[in-house]
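Student: Let me begin by handing over the structure; questions about it come next.
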Amino acid sequence: MQGVVLGLLSSIAILTLTPAANAADARNGETLAKRWCADCHVVAADQRSGTTQATPFSAIADRPGFDAAMLALFLLSPHPKMPDMGLSRAEAADLVAYIATQGGR
Ligand code: HEC
């Protein structure tokens with residue numbers, strides 16, 4: 001499901017988490033974020049409100065230590081204050097790619 005076409009092109013099946021950022025699809029990440037994350041997080045510049053406890057995605061992207069691989073891992077592990085969304089690796093990578101586009105606002 002993930003990277004089949006890209007895998008053919010590069011002749012490498014990307015199955016590890018870390019390099020998936022290259023293959024990630026930020027547009028799909030945006031769709032996922034608006035569906036699953038926007039109840040709590042401000043996920044886009046034109047969104048007015050989320051809950052006050054959840055960090056806006058732009059703030060996450062602007063952090064000095066922003067690390068796509070770490071963030072994807074965070075999203076794949078259950079987190080106390082967030083529902084376990086059962087994301088696939090590809091979905092987590094897409095979300096991270098999208099979050100990365102939200103910096104600098
Ligand atoms: C039910 C509300 C809720 C939903 C839905 C939710 N989150 Fe969160 N999220 C939170 C809260 C609250 C925190 C702050 C947790 C903390 O401080 O420990 C958080 C923290 C985070 C963090 C860490 C932020 C930081 O400051 O390091 C990331 C990244 C994140 N969420 C991403 C997502 C993504 C991506 C989605 C959608 C797939 C999502 N969240 C859906 C409530 C939510």
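The values are calculated or read from the model by the stated rules, or taken from the named source; none is laboratory data. Since we're looking at a predicted model, the values are computed, not measured. When we count neighbours, we look across all protein chains shown, and the Cβ atoms used for this are built from the backbone with ideal geometry, even at glycine. For accessibility, only protein heavy atoms count, side chains too; no ligands or nucleic acids. Shrake-Rupley method; radii C 1.70, N 1.55, O 1.52, S 1.80 Å.
Here is a yes/no grid of residues against (1) under 19 Å from Gln53 (Cα atoms); (2) open to solvent by less than 40 Å² (accessible area, probe 1.4 Å):
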position: Phe66; (1), (2): no, no
position: Leu75; (1), (2): yes, yes
position: Glu91; (1), (2): no, no
position: Asp94; (1), (2): no, yes
position: Gly104; (1), (2): no, no
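Student: In addition: I need a count of the residues in the stretch 86-105 that are over 18 Å from Ala44 (Cβ atoms) and part of a loop (DSSP other than H, G, I, E, B). Explain how you work it out, then say what you get.
Tutor: Restricting attention to the stretch 86-105, the residues satisfying the condition of being over 18 Å from Ala44 (Cβ atoms) are 86-90, 92-93.
Cutting the leftovers down to part of a loop (DSSP other than H, G, I, E, B) gives us 86-88.
Qualifying residue count, the stretch 86-105: 3.
Student: When you scan the stretch 25-56, how many residues do you find that are closer than 14 Å to Ala92 by Cβ and either near the ligand (Cβ under 8 Å from one of its atoms) or modelled with pLDDT under 90 (or both)?
Tutor: 4
Student: I need the full set of residues from the stretch 71-85 which are in a loop (DSSP other than H, G, I, E, B) and either charged (D, E, K, R) or touching a residue at least 40 places away in the same chain (Cβ under 8 Å) (or both), in order please. Don't jump to the end; show me each part of the working.
Tutor: Start the filter on the stretch 71-85 by keeping residues that are in a loop (DSSP other than H, G, I, E, B), which leaves 77-85.
Passing the criteria: Lys81, Met82, Asp84, Met85.
Student: Those residues that are more than 19 Å from Ala44 (Cβ to Cβ) and within 10 Å of the ligand (Cβ to nearest atom), I need them from the stretch 72-83; list them, please. Walk me through it before giving the result.
Tutor: Restricting attention to the stretch 72-83, the residues satisfying the condition of being more than 19 Å from Ala44 (Cβ to Cβ) are 72-74, 76-81, 83.
Hits for the stretch 72-83 are Ala72, Phe74, His79, Pro80, Lys81, Pro83.
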